[in-house]
Amino acid sequence: MTLIKNEQELREDMCEIARMMYDKGLICGPAGNISAKLADGTFLLTPSLFFKQRLTPDQLIIVDEQGNKVGSQTSANRDLQPTSETSMHLHTYQNRPDVGAIVHAHPSFCVALSVAGKKIRPQVLTEAMLFLGDIGVADYKTPTTDDLGAEVGRLMRSHDCVLLPYHGVTVAGKDMWEACAKLEVLEQTAEICVLVEQLGGEKPLAQPHVKDMLKLRQDWGLAKKSDTNLLDY
């Protein structure tokens, strides 16, 4: 069930999470963006080209389902525009009514694997199999375009995490804290994949053990149709 807090709480959480993402090196400069669903069906987003670690609650922006800036404006956000990646957020919400928040970041190990043509394999970490499931990989699309938004939205129908080659990742959750937690686990998993390659390659976990993790994921109500991809080697 999607958790929707009151608007002020969401604004404060969004600023805190933006600072956490910056402090952990998941975003840098003006990169990255966050959104959350509001109770009235509109969406709270971070502004475009703004250093997220410096955000204040009154600088966040509300948009409708078409991405139009709506709601009361403040002196702090009047001249700001919603993130240029608004399309990927809106396409995801349209395709996933259960999603309450989305984070988009540029974590280094995730991006490095995509540039090398390598997959992020949740099979290297039990926590990743349980909480992330299969990682969707988008076809390359130019950032900020609706083509990219539609591609992310398509993959989000059956995934919670989507890797954008040469770009970053987009992660969905029932709320911002869940989405942020998945983002951190995703980057840790990517780092483990890189380390495993440096150590000579993966010794795959036996399929019965992977199936046990997928059964646990199903029991916890986290399963997606794409989970069966974790059984492919």
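Structure summary
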{"quantity": "Residue match in segment 64-76 (condition: buried (at least 20 other Cβ atoms within 10 Å of the Cβ), farther than 18 Å from Met21 by Cβ and either among the aliphatic types (A, V, I, L, M) or at pLDDT below 95 (or both))", "calculated": "no"}
{"quantity": "Residues located in segment 3-41, provided they are among the polar types (S, T, N, Q) and either modelled with pLDDT of 95 or more or surrounded by 14 or more Cβ atoms within 10 Å (Cβ to Cβ) (or both)", "calculated": "Asn33, Ser35"}
{"quantity": "Matching entry among Asp79, Asp64, Asp58 (being within 26 Å of Val162 (Cα to Cα) and acidic (Asp, Glu))", "calculated": "Asp64"}
{"quantity": "Selection count, segment 110-140, where residues are on the phi > 0 side of the Ramachandran plot and surrounded by 20 or more Cβ atoms within 10 Å (Cβ to Cβ)", "calculated": "1"}
{"quantity": "Test: residue in segment 97-104 that is surrounded by fewer than 17 Cβ atoms within 10 Å (Cβ to Cβ) and within 30 Å of Asp227 (Cβ to Cβ)", "calculated": "yes"}
{"quantity": "Where a residue in segment 192-218 is within 14 Å of Arg121 (Cβ to Cβ) and its partner, wherever it lies, is acidic (Asp, Glu) and not in a helix (DSSP H, G or I), with Cβ under 9 Å and at least six apart", "calculated": "Cys193/Glu202; Val196/Glu202"}
{"quantity": "Lone qualifier among Ala39, Ala31 - being under 21 Å from Lys141 (Cβ atoms), part of a loop (DSSP other than H, G, I, E, B) and touching a residue at least 24 places away in the same chain (Cβ under 8 Å)", "calculated": "Ala31"}
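Conditions (1) closer than 14 Å to Ala128 by Cα; (2) more than 16 Å from the chain's Cα centre (by Cα); (3) surrounded by fewer than 18 Cβ atoms within 10 Å (Cβ to Cβ); (4) of a type outside the set (Phe, Trp, Tyr), marked per residue:
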| site | (1), (2), (3), (4) |
| --- | --- |
| Thr170 | no, no, no, yes |
| Asp175 | no, no, no, yes |
| Gln198 | no, yes, yes, yes |
| Lys203 | no, yes, yes, yes |
| Gln207 | no, yes, yes, yes |
| Leu230 | yes, yes, no, yes |
| Tyr233 | no, yes, yes, no |
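The values are calculated or read from the model by the stated rules, or taken from the named source; none is laboratory data. Keep in mind that this is a model prediction, so the values were computed, not measured. For neighbour counting, all protein chains shown are included, and Cβ atoms are generated from backbone atoms with ideal geometry for every residue, glycine included.
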